[in-house]
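Structure, as structure tokens:
No value in this document is a laboratory result; all are computed from the given coordinates. This one's a predicted model, so the numbers in the text were calculated from it and none came from an experiment. FYI the Cβ positions are ideal-geometry reconstructions off the backbone, even for glycines, and counts take in every protein chain you see.
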Amino acid sequence: MKFDLILRVGTKLMLPFILIFAPYVHFHGDYGPGGGFQAGVIIAAAFILYAMVFGLDAAKRIAPQSVIDRLLPVGVLIFAAAGLPAIVSGQGRFLDFGVYGHDFLHAHEWGILIVETGVIVTVASTMLAIFYAFADRGRQ
Amino acid sequence: MSSLHEHLPILQILVPLFGAVFAALTRSGVVAWGIAAIASAIAPFISAGLLLHIIDTGQPISYVMGAWAAPWGIEYRVDLLNAFILLLISLIGLVSIPYARKSVAAEIDPHKQPWFYTMYLLCLAGLLGIVITGDAFNAFVFLEISSLATYTLIALGRHRRALLSAYQYLIMGTIGATFYIIGVGLLYVATGTLNFTDLAARLGPAMQTYPEPILAALAFMTVGISLKLALFPLHVWLPNAYAYAPSFATSFLAGTATKAAIYLLIRIHFSVFGTHIVLKTVPIEEVILLLSLAAMFIASFAAIFEANAKRMLAYSSVAQIGYITLGIALANKMGLAGSLVHVFNHAIMKTALFFALGAMVYRTGMAGMTGLSGIGRKMPITTAAFVIAGLGLIGVPGTAGFISKWYLAIGAIDHGWTWLVFLIVLSSLLAVIYVGRFIEIAYFREPSAELASAREPPTSMLAPLITLAAATIYLGFDTRLTGGVAMRIAEYLLGGT
Amino acid sequence: MTGWEVAADHYNYYVTIFLMVAGLYIVIARGNMIKKLVGLGLFQTSVYLLYLAPGRIIGGTAPIYDKNYEVYSNPLPHVLMLTAIVVGVATLAVGLALVVRISEEYGTIDEDEIFAKDEDQ
């Protein structure tokens, strides 16, 4: 597919917008449909589109397998660690977001944003890892 | 230190969860084993701390997360029943981990070993989560976490049939979990809450206005959980899954996975619905009684005719689960206590049996009974431990199995069904046949040619095996932990409703 | 309201039951492993509908806070079903990975052929 001019140019034009749309969906999860899971899938879709048009090797140069494998647990770590400051500072129980702000609304907003960031990282790397695992199979 | 004590319930889940995350970040099997060992070693201390706190104060521990009070928020509620099963699961994890080092190194590819330990820790976190949570939907989430980890653990077995067994278990397990979630949905529509204690309070009045959805919910949840605990005839996934999984996975799962589902069944039937709904409206207890008897006999028969030792032990597991659900069906104090004691004892005995068999596979590479002829001469300590745990399965006085069957028999007499005692003894005789078959093959035949290089397994595998075999005998005499606590739990579950 | 009107008002439950039973039938009746996974997904979709449809409050708007509205639909079923959807996706991923490996090992993904190959061994 990398020899088709329209696909190549079109993909290169669209990829930045797809990647910007993901944080948009993430931050607007408070006010409309959205959130971490959807944003993670959109990021993964951008990488998968690149892999489909330019080939798996080109995609693996940008997002190497080892980096993706390491990012998978990092997202879970961010999520779980976001719940810990309340325990460590002694102010509350696990996932008590009161430590992040001065009043209830802002504290919870910050807490949800941090937690959803962890979700983005894990979901994007999981989708990409699944794509790599399946796409690699037929090549031997 | 008091602040740490306050957060024990969430630490019970966080320790294996963080362990899983760190194990996934490593690339070496030994480091991943080390992380799994640390997490598995800390977990029983947390469970013991919770159990001692509850025994001391006599009050359940309630831990509310995320600054939303129950019943709107998710609550971890630990009472005597929870703490008992938590201690069991974390102890099995602790005992299994030294065994894992050599066993996993021999059976799993080196670059997959970190992921194997990640899955093991996620399974441990999921099982502990099912037991500790006080929210019905949270139980589903942890159920699926542990199940997905289990499918992966099983699929990493060496034989290609492991993949097929994992797929079959995936289909059946997901249907079971979805049935459970349908039941929870019907309960939510009828009562408006998901918290176990709140549901228990609201179900009484709700039964007057909406009896049909609540009974349908009871049926869906029972069927869904029965699929997970392998109650006959929903046990079809278990023999294949236990036979073809890696030895460490089978040993760990045999002692823990079905026990967490049994906890959920007991919690739903006795705490949430309560005996006045469960016993008086639909004949659920009679149905479970019939299925338990079917499990006890048919599965024991299937075990007698099995050629593969692992499948024989798997069918034996289905039969022993029949004993446990028999106690639940009796629904009186001694029957329920017998169930709980058998949950503990069976976990210890079955894990010991699978340890012994896994050690034999480690040394000889064979699990077929004919291939293991004469193994008693070559691996005497391992086979002796197998025999002790097997005697426990049969229920020989002096072993832990006798205690649980004794309680079940007294429960049957209390209920007025004396013929049930006769059936319990009869099925124990069937256990004599299949355990005796293995003993005869192991001791009274000449070692076959393939066993020339067999000798005792390494100490890291032998020590857990001997510990569990010794525990089988010890728990046959000192029943303060198992019997005493089980009777208190049964009183609390039956009296509180 | 006559009995017919009440029965017709509950059409969302009829759709739920139809999807549930259709999904289960596909899981049981089809031998192709991917078709079984599709049936499983259909079965899980019916559960989403089972939770979401009763959560809709008559006269309520979408459960996102806005100063112009007073009555909202119940947000809890939406949240629960987001979780259930993620669980379903994870199950599908594990199932498909197993099917890929099975097809590599056995050369086929039809259950009857696989059992036949295992019997021969």
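Structure above, values below:
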{"item": "Charged-residue dipole, Cβ positions (Lys, Arg, Asp, Glu), segment B:269-392 about Cα centre, Debye nearest 20", "result": "440"}
{"item": "Reduced Cα scattering model of the protein assembly as shown, Debye log10 I(q)/I(0), q = 0.06 Å⁻¹", "result": "-0.37"}
{"item": "Whichever aspartates and glutamates have a C-alpha closer than 14 Å to that of B:Lys378, once near sequence neighbours (fewer than 8 apart) are set aside", "result": "B:Glu446, B:Glu450, B:Glu456"}
{"item": "For segment B:356-399 versus segment B:134-190, the gap between their alpha-carbon centres in whole angstrom", "result": "31"}
{"item": "Partner lysines for A:Lys60 [C-alpha distance under 30 Å; skip if fewer than 8 residues away on the same chain]", "result": "A:Lys2, A:Lys12, B:Lys112"}
{"item": "Contact order relative to length of chain B, as percent, for alpha carbon pairs under 8 angstrom and 6 or more apart", "result": "14"}
{"item": "Placed amide H near B:Arg445: partners under 5 Å, 5+ positions off or other chain", "result": "B:Gly374"}
{"item": "For chain C, built as a Gaussian network whose Cα springs stay under 10 Å, the top-fluctuating residue of C:Ile109, C:Ile17, C:Ile57", "result": "C:Ile57"}
{"item": "Other protein chain Cβ atoms within 10 Å, averaged over every residue that makes up C:70-83", "result": "2"}
{"item": "Residues of type aspartates and glutamates that B:Lys333 reaches as a straight line, Cα spacing below 19 Å, ignoring anything fewer than 8 places off in the same chain", "result": "B:Asp79, B:Glu285, B:Glu286, B:Asp414, B:Glu491"}
{"item": "Chain B - mean residue ellipticity at 222 nm from DSSP helices (-39,500 (n - 2.57) per run, n ≥ 4, rounded to 500)", "result": "-25500 deg cm²/dmol"}
{"item": "Residue of A:Val88, A:Val115, A:Val76 that the Gaussian network model of chain A assigns the largest fluctuation, springs spanning Cα pairs under 10 Å", "result": "A:Val88"}
{"item": "Distance between segment B:68-108 and segment B:422-481 - C-alpha centres, whole angstrom", "result": "25"}
{"item": "Helix A:104-137 vs. chain A, principal-axis angle (Cα, 0 to 90°, nearest 10)", "result": "30"}
{"item": "Positive-end residue of A:Ser66, A:His108, A:Phe97, charge dipole of segment A:5-137 with Cβ unit charges", "result": "A:Ser66"}
{"item": "Neighbourhood net charge (14 Å Cβ-Cβ; Lys/Arg +1, Asp/Glu -1) for A:Ser89", "result": "-1"}
{"item": "Average partner coverage of B:175-187, which counts Cβ from other chains inside 10 Å", "result": "5"}
{"item": "Structure-based [θ]222 nm, chain A - -39500 (n - 2.57) summed over DSSP H runs of at least 4, per residue, nearest 500", "result": "-25500 deg cm²/dmol"}
{"item": "Helix-derived mean residue ellipticity, 222 nm - over chain C, DSSP H n ≥ 4, -39500 (n - 2.57), to 500", "result": "-25500 deg cm²/dmol"}
{"item": "Estimated FRET transfer efficiency when R0 is 60 angstrom, pair C:Val79-B:Glu446 (beta carbons, to 0.05)", "result": "0.40"}
{"item": "Placed amide H near C:Thr61: partners under 5 Å, 5+ positions off or other chain", "result": "C:Val71, C:Tyr72, C:Ser73"}
{"item": "Karplus (6.51, -1.76, 1.60) ³J(HN,Hα), θ = phi - 60°, over segment C:10-21, in Hz, Gly and Pro reported as x", "result": "8, 4, 5, 5, 4, 4, 4, 5, 4, 4, 4, 5"}
{"item": "Listed residues A:Gly36, A:Gly75, A:Gly111, most fluctuating in chain A (Gaussian network, C-alpha, under 10 Å)", "result": "A:Gly111"}
{"item": "Summed side-chain charge close to B:Ala37 - residues other than B:Ala37 whose Cβ falls under 15 Å, Lys, Arg +1, Asp, Glu -1", "result": "+2"}
{"item": "Rounded Å value of the spacing that divides the Cα centres of segment B:323-338 and segment C:79-121", "result": "37"}
{"item": "Within segment B:1-54, chymotrypsin sites (Phe, Trp or Tyr not before Pro) in DSSP loop having at most 16 other beta-carbon neighbours inside 10 Å", "result": "none"}
{"item": "Sequence-separation-based contact order of chain A, relative, with Cα cut under 8 Å and 6+ spacing, percent", "result": "27"}
{"item": "Inter-label distance for C:Asn32 and B:Ala69, nm, one decimal - labels placed 7 Å from Cα along Cα-to-Cβ", "result": "5.6"}
{"item": "Average beta carbon contacts from partner chains per residue of B:157-166, 10 Å cutoff", "result": "5"}
{"item": "Simple Cβ-charge dipole of chain B, Lys/Arg +1 and Asp/Glu -1, about Cα centre, in debye nearest 20", "result": "1120"}
{"item": "Chymotrypsin sites (Phe, Trp or Tyr not before Pro) within segment A:1-90, DSSP loop, no more than 13 other Cβ atoms inside 10 Å", "result": "A:Phe3, A:Tyr31"}
{"item": "Counted charge near B:Gly73, where neighbours are those whose Cβ lies closer than 13 Å (Asp, Glu -1; Lys, Arg +1)", "result": "-2"}
{"item": "Chain C, relative contact order [Cα under 8 Å, separation at least 6], %", "result": "22"}
{"item": "Percentage of interatomic Cα-Cα distances in chain B larger than 41 Å", "result": "14"}
{"item": "Ranked list, fewest to most other Cβ atoms within 10 Å of each Cβ, for A:Glu116, B:Glu6, B:Glu212", "result": "B:Glu212, B:Glu6, A:Glu116"}
{"item": "Only Lys, Arg (+1) and Asp, Glu (-1) charged, at Cβ; segment A:5-137 dipole about Cα centre in debye", "result": "560"}
{"item": "22 Å Cα-Cα threshold exceeded, pairs from B:Lys228/B:Lys310; B:Lys259/C:Lys35; B:Lys259/B:Lys280", "result": "B:Lys259/C:Lys35; B:Lys259/B:Lys280"}
{"item": "Charge dipole of the protein assembly as shown about the Cα centre (unit charges at C-beta), most positive-ward option of C:Thr108, C:Leu76, B:Phe270", "result": "C:Thr108"}
{"item": "Per-residue ³J(HN,Hα) for segment B:102-107, Karplus 6.51 cos²θ - 1.76 cosθ + 1.60, θ = phi - 60°, Hz, x for Gly and Pro", "result": "7, 5, 5, 4, 7, 9"}
{"item": "Low-density loop positions, chymotrypsin sites (Phe, Trp or Tyr not before Pro), segment B:406-478 - DSSP coil, at most 13 other Cβ in 10 Å", "result": "B:Phe444"}
{"item": "J(HN,Hα) series, segment B:54-60, from Karplus relation 6.51 cos²θ - 1.76 cosθ + 1.60, nearest Hz, glycine and proline x", "result": "6, 5, 5, 8, x, 10, x"}
